[in-house]
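Trainee: Input: one structure, supplied below.
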Amino acid sequence: MRSPDGMEMWQHGVYREIVPPEKVSFTFIWDEQPDHEMLVTITFSERGKKTEMVFRQEGFKSADERNDHEGGWSQSFDRFAAYLKKN
């Protein structure tokens, strides 16, 4: 991931659970903080002709860290929505 100021941030993780088409769960670990593992769980539910996605990330060290992740994920979801509109 690259921040607006150009700083590169690397992360990795392991898929913990995949339940098609209902749920995906994986770890989220920044490479520079290998001892700090967070868990991301995304659930999917049919809502008529649409799909509801519920996103949950846990294991933050602080509210500031949570807020930083919220901004990053929101940008990713916005780009994903724009991609889906084109295709």
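Trainee: Considering only segment 1-53, state which residues are of a type in the set (A, V, I, L, M) and assigned to a loop (DSSP other than H, G, I, E, B).
Mentor: 1, 7, 9, 14 - these are the residues of segment 1-53 that are of a type in the set (A, V, I, L, M) and assigned to a loop (DSSP other than H, G, I, E, B).
Trainee: Of the residues in segment 51-65, how many are open to solvent by 70 Å² or more (accessible area, probe 1.4 Å), farther than 23 Å from residue 22 by Cβ and acidic (Asp, Glu)?
Mentor: The qualifying residues number 1.
For every residue, the table says whether it meets (1) of a type in the set (A, V, I, L, M); (2) surrounded by 10 or more Cβ atoms within 10 Å (Cβ to Cβ).
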residue	(1), (2)
7	yes, no
16	no, yes
34	no, no
49	no, no
76	no, yes
80	no, yes
87	no, no
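Trainee: If the requirement is being basic (Lys, Arg), within 13 Å of the chain's Cα centre (by Cα) and closer than 23 Å to residue 81 by Cβ, which of these qualifies: 2, 47, 66?
Mentor: On inspection, the qualifying residue turns out to be 66.
The values are calculated or read from the model by the stated rules, or taken from the named source; none is laboratory data. Since the model is a prediction, treat every value here as computed from it, not as a measurement. Neighbour counts run over all protein chains shown; Cβ positions are idealised from the backbone, glycine included. SASA here: full protein model, heavy atoms, side chains in, ligands and nucleic acids out. Shrake-Rupley method; radii C 1.70, N 1.55, O 1.52, S 1.80 Å.
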